[in-house]
Amino acid sequence: VNLTYSDADERFRAALRAWLEAEVPRHGAPPPAGDWPARRAYDTDWQRKLHDAGYAGLHWPAAYGGRGLPVSQQLVYLEEYARANAPYISVNFVGMMHAGPTLVAEGTDEQRAFHLPRILRGESVWCQGFSEPSAGSDLASLRTRAVRRGDEYVVTGEKIWSTRAHVADYCELLVRTDRDAPKHRGITWLILDMHQRGVEVRPMKTIDGEHHFCEVFLDEARVPVSNRVGEENDGWRVTNVTLRFERGTAFAQHIITLRSQIRALVAVAMSTAGRDGGRAWNDVALRLHVGRLQAGVDALWRMTQRGIAEAERSGVPPASGSAVKLRYSELAQEIADLTLRTIGRPALAGAGEVAVCAARDYLWSLQYTIAAGTSQIQRNLVAERVLGMPRG
Amino acid sequence: MDFRLDDEQRALRDAAHALAARHFDLATVGGREGAPVAAAAWRAVADLGLFSLLAAGEPGGAVEATVVLEQLGAQLASGPLRWTSLAVMFGPEAGAVRVTGVDADDAHRPYVIEHGAESDSLLVLRADGVERCPVDALASSTEGAPLDPLTPVTVVDDLPRGEPVGRAGDARRLRLAGAILAAAELVGVAQGALDTAAAYALEREQFGVPIGSFQAVKHLLADMYVRVELARSATYAAAAIFDDARAGDVATATSAAKLLAGEAGIANGRSAVQVLGGMGFTWAMLPHYFLKRSWILDAAFGTGDTHALAVSAALEHDMTNALPT
């Protein structure tokens, strides 16, 4: 076990820190919540800056435009990124963390040559078209149909929970191409161009009053056969490449961000009145709770470091991915919950910037134990795939 | 930066696993109740090198000691393993004798000394230093009725003054190492409880199927896995930072590890009782041993609450001293 960074890692850190210290303030504050076109511009401009400075796709192979950096420097990047409070990956998430890596693993040379540079430069935004109204946890039961006509697939159906689809150019789309095959064997993975007739995006108003997620209605949308990733009816295997990625390293940035959320909570507690009229931070129960949360976040980061190191050697994401996701999502909710409690009634009245943020963060945090595999599904996965329990 | 055990550490882990399975067989654990550790088992642990890993002046060793104690913890090993491993920080003769110890700063009275009757020597950990004395210097000690049948205890009202062997800095270092080693044992205990519960869930049938096929049981087991993996990550990290201070803040890393390992041990022991159901409530099955050992270890070198407050104090200190950005 070696937890020290090499001189080369430290040089990388110093250069990155200097760059972030200059560029993050220059990039300014994000646009107001709800202004999605402005958010897209804010996020893709930032991605372009990362790319031009050599900080895009650190974990992607160099042959595909990434940097192919050693895992130690990927960790340094995440640490410094969080420390600098740099912009959240946001609209670039699906492209950088799902679709891009899937194309690296399974795409054709033409698909990679066209899409990967555009993702890395912030020129294209991707969304995910996996879930459907009747295919949630049981994703493989999806029903959106694609029928081959000449050199095209004609796609009809309905997708849901497509994050930021209203500002996306492409969709990683799962469709059914064989209705007679067993459900896992009739699925195909397609690249859908969102800018066409036959694609209608309807944002959904969620519990926090925002519109992060969309329904996507497909009515004879067209996908060239050359946009198929993997073989026809082999999409479930291709999907699992993506899903395993999601459960492996994709949460690393979120986890390290929890550190700053705890610090924000402590800052609130130091400047807010508590039950006895003194500072809320004087309350030993609160300090016990914060200590436990901080220990949990530290350990989760260590577990991520372990998992990434294992993945580096074996080439496959670590078995502990579901465990990381489970604990991460619950810790995020606990931190948001405790912050709301610490602020007290002003948080319920939207009184002040901090209160508004705390209420919004709390409501948003409720999706963590649902999205990307509910906590109940994750527990089944851990029990079945890691501990060898029989499928019920 | 490579958060994996290296080849030598993996080999040591495998050797410790084989040793623990042979000398501390869980199938006959009842035979070890209230008894001192068997001479052959003690010799085997000494031969493996555990008692010299933390020798003063030698680099590293905490990760290796962690790996070994984790395996011994999973088999509920007997004897004053932790304090004897720590004693070498104060002299090379350790291992030849069995050493136990006590934290004189503990606010609770009377003092409870683990494995006192079978030990030769006693380390007394004080705020301003470390002392050593023969165990028979203890006045008017009584044998306690231990919660953990595998950890005999001696109860005393007063501690003797011993020969000084370390100063305040040594005491701090001992406290850190002790917390890391207790965390390591707890990780092993938490893993042992999970292994016991998982094996039972596969074998025990109700309604015509193994109970491990029920989601309610699966979710208990999954939570046990999450707890032990988190605690293991935190404990290895604390040990690595103890060995090489450039890797981080050893005090905070140690507190996080001890806190999470204590929670993992107690909660996994408790869950193992539940998964085994009525049988889990009997003395004949293993869960109660894991649960009871966890309580002993959680109380050693700072409880979860003590360490949680230390972590939040460090966070506060860090924030109030940070330059405005």
Extension gain from residue A:63 to residue A:147, taking 0.36 nm per residue of separation minus the Cα-Cα distance: 26.8 nm
Could you work out how far apart the two model spin labels at residue A:330 and residue A:134 are, taking each label as a point 7 Å from the Cα in the direction of the beta carbon, and quote it in nm? 3.4 nm
The value for segment B:256-318 (convex hull of the alpha-carbon atoms, volume per residue, Å³) is 67 Å³
So what is the 222 nm mean residue ellipticity for chain B from helices alone, if each DSSP H run of at least 4 adds -39500 (n - 2.57) and you divide by all residues, rounding to the nearest 500 deg cm²/dmol? -18000 deg cm²/dmol
Which of rounded, prolate, oblate describes segment A:1-111, given a ≥ b ≥ c as roots of the alpha-carbon gyration tensor eigenvalues and a/c under 1.5 marking rounded, otherwise prolate only if a/b is larger than b/c? oblate
Would you mind checking the pairs A:159/B:218; A:49/A:205; A:325/B:258; A:205/B:218 and listing those with alpha carbons more than 29 angstrom apart? A:159/B:218; A:49/A:205; A:205/B:218
Take the alpha-carbon positions of chain A, form their convex hull, and give its projected area averaged over all directions (one quarter of the hull surface) in nm². 20.9 nm²
Between residue B:199 and residue A:276, take the C-beta separation as r, use R0 = 51 Å, and let me know the FRET efficiency to the nearest 0.05. 0.55
Before anything else, pin down the relative contact order of segment A:9-162: Cα pairs under 8 Å, at least 6 apart, normalised by residue count, whole percent. 21 percent
For chain A, what is the relative contact order in percent, using Cα pairs closer than 8 Å and at least 6 residues apart in sequence? 12 percent
In segment A:73-100, whose amide N lies under 20 Å from the spot 7 Å out along Cα-to-Cβ of residue A:385? List them in ranges. A:94, A:97-100
5 Å binning of all Cα-Cα separations within segment B:1-41, expressed as whole percents from 0 upward: 5, 20, 19, 18, 11, 10, 9, 5, 2
Loop-resident GluC sites (Glu not before Pro) in segment A:180-274 with no more than 14 other Cβ atoms inside 10 Å, DSSP not H/G/I/E/B, are A:231
Row for segment B:63-217, column shape: gyration tensor on C-alpha, a ≥ b ≥ c, rounded if a/c < 1.5 i.e. under 1.5, prolate if a/b over b/c, else oblate; value prolate
Nearest 10 degrees, 0 to 90: what angle lies between the long axis of helix A:353-365 and the longest principal axis of chain A (Cα atoms)? 40 degrees
Asserting the computed 222 nm helical MRE of chain A (DSSP H runs at least 4 long, -39500 (n - 2.57) per run, divided by residue count, to nearest 500) equals -15000 deg cm²/dmol
Counting alpha carbon pairs within less than 8 Å and at least 6 residues apart, what relative contact order, in whole percent, applies to segment A:80-193? 23 percent
Could you go through segment B:177-194 in sequence order and give the Karplus-derived ³J(HN,Hα) for each residue, using 6.51 cos²θ - 1.76 cosθ + 1.60 with θ = phi - 60°, rounded to whole Hz, and x for Gly and Pro? 4, x, 5, 5, 5, 5, 4, 4, 4, 4, 4, x, 4, 5, 5, x, 5, 5
Which residues in segment B:215-252 have a backbone N closer than 14 Å to a point placed 7 Å from the Cα of residue B:207 along the Cα-to-Cβ line? B:215-219
Interchain or long-range residues, amide H under 5 Å from residue B:101's placed H: B:114, B:123
Assuming a ≥ b ≥ c are the square roots of the Cα gyration tensor eigenvalues, decide whether segment A:1-66 counts as rounded (a/c under 1.5), prolate (otherwise, with a/b larger than b/c) or oblate. prolate
What ³J(HN,Hα) values, in whole Hz, does the Karplus curve 6.51 cos²θ - 1.76 cosθ + 1.60 give for segment B:6-13 when θ = phi - 60°, with x put for Gly and Pro? 7, 4, 5, 5, 5, 5, 5, 4
Work out which residues of segment A:314-355 lose at minimum 30 square angstrom of accessible surface when the other protein chains are put back, relative to the chain isolated, with a 1.4 angstrom probe, and list them by number. A:323, A:327
Calculate the FRET efficiency for residue B:163 and residue A:313 from the Cβ-Cβ distance with a Förster distance of 51 Å, rounded to the nearest 0.05. 0.55
Length released on extending from residue B:246 to residue B:120, taking residue separation times 0.36 nm less the Cα-Cα span: 41.7 nm
Hey, what do the phi angles of segment B:211-217 turn into as Karplus ³J(HN,Hα) couplings, whole Hz, using 6.51/-1.76/1.60 and θ = phi - 60°, x for Gly and Pro? 5, x, 8, 7, 5, 4, 6
Cα-based Debye curve of the protein assembly as shown sampled at q = 0.07, 0.11 Å⁻¹ gives log₁₀ I(q)/I(0) of -0.54, -1.21
If you take each beta carbon of peptide A:300-313 and count the beta carbons of other chains within 10 angstrom, what is the mean? 5
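The values are calculated or read from the model by the stated rules, or taken from the named source; none is laboratory data. Please read all numbers here as calculations on a predicted model, not as lab measurements. Note: ideal-geometry Cβ built from the backbone for every residue, glycine included; neighbour counts use all protein chains shown. To get the accessible areas, we keep the full protein, side chains included, count just its heavy atoms, and leave off ligands, DNA and RNA. Shrake-Rupley method; radii C 1.70, N 1.55, O 1.52, S 1.80 Å.
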